[in-house]
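Notes follow once the structure below has been shown.
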Amino acid sequence: MDLDFSLWLFQALHALGLAVWLSLSVANNVQGFAGSAAAVGATMNMAPLKLAPIVDTPLLARALRSPALHRAALLVVLALQVVAAGAFWAGAWPLLFSADLAAARPWLNLGLSAFSAFLFAMHLGGLWFGYWIRQEGLQQAHISLLLWTVAAFFLFNLSWA
């Protein structure tokens with residue numbers, strides 16, 4: 001196997017994997033919209049901080065109890081996920097079937113930008129609502145996913161050969 005083929009294979013599989021992963025995220029949030037909105041709502045309502053033992057913090061004044069706001073927040077995330085998934089499919093296609101990274105790159109970068117945008121929305125929203133206090137795993141997942149977007153940016157934008 002030559003170097004160019006191995007690079008193309010890794011980049012193409014990564015682009016396809018991200019397209020599928022982001023599409024599954026969209027499907028999960030559409031199919032389970034009520035559950036996803038409730039999970040977003042729990043963070044925005046700061047419900048984990050109200051479980052025993054209660055965390056008495058001035059941050060609780062930030063809690064938002066409106067289910068309409070919880071759904072709106074999820075709709076923003078979902079819209080960004082749709083853009084990210086669509087862009088990754090648009091970028092994966094020329095990469096997979098034409099080995100044309102130059103044609104794929106703008107789409108992949110758009111997908112990474114939308115992916116980063118919804119991750120920052122979740123991460124910064126969680127930070128605002130104090131999720132680091134009781135939802136450490138969720139915060140760590142968001143950080144890990146942001147690192148994934150950075151690594152993918154370098155994968156698709158650096159010259160490797």
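The values are calculated or read from the model by the stated rules, or taken from the named source; none is laboratory data. All of these numbers come straight from a predicted model, not from anything done at the bench. Positions of Cβ are backbone-derived with ideal geometry, glycine not excepted, and every protein chain shown enters the neighbour counts. Areas reflect the complete protein model, heavy atoms only, side chains present, ligands, DNA and RNA absent. Shrake-Rupley method; radii C 1.70, N 1.55, O 1.52, S 1.80 Å.
Pair-distance distribution of the chain: all C-alpha pairs, bin width 5 Å, starting at 0; shares per bin in whole percent are 2, 9, 16, 18, 16, 12, 9, 7, 5, 3, 2, 1, 0. Largest GNM mean-square fluctuation across His123, His14, His142, computed for the chain with C-alpha springs under 10 Å, falls on His14. Adding -39500 (n - 2.57) for every DSSP H run of four residues or longer, then dividing by how many residues the chain holds, sets the calculated 222 nm ellipticity at -27500 deg cm²/dmol.
Cut-off 10 angstrom, C-alpha nodes, Gaussian network model of the chain. Which of Ala87, Ala121, Ala61 fluctuates the most? Its mean-square fluctuation being the largest, the pick is Ala61. Expressed as a whole percent, the accessible surface of the chain that belongs to carbon and sulfur atoms is 73, based on a 1.4 Å probe. Label 7 Å along Cα→Cβ of Ala39; the stretch 7-32 residues with amide nitrogen under 12 Å? Zone members listed by number: 25-32. Charge dipole (Cα centre; +1 on Lys/Arg Cβ, -1 on Asp/Glu Cβ; no other charges) of the stretch 6-161 amounts to roughly 340 debye.
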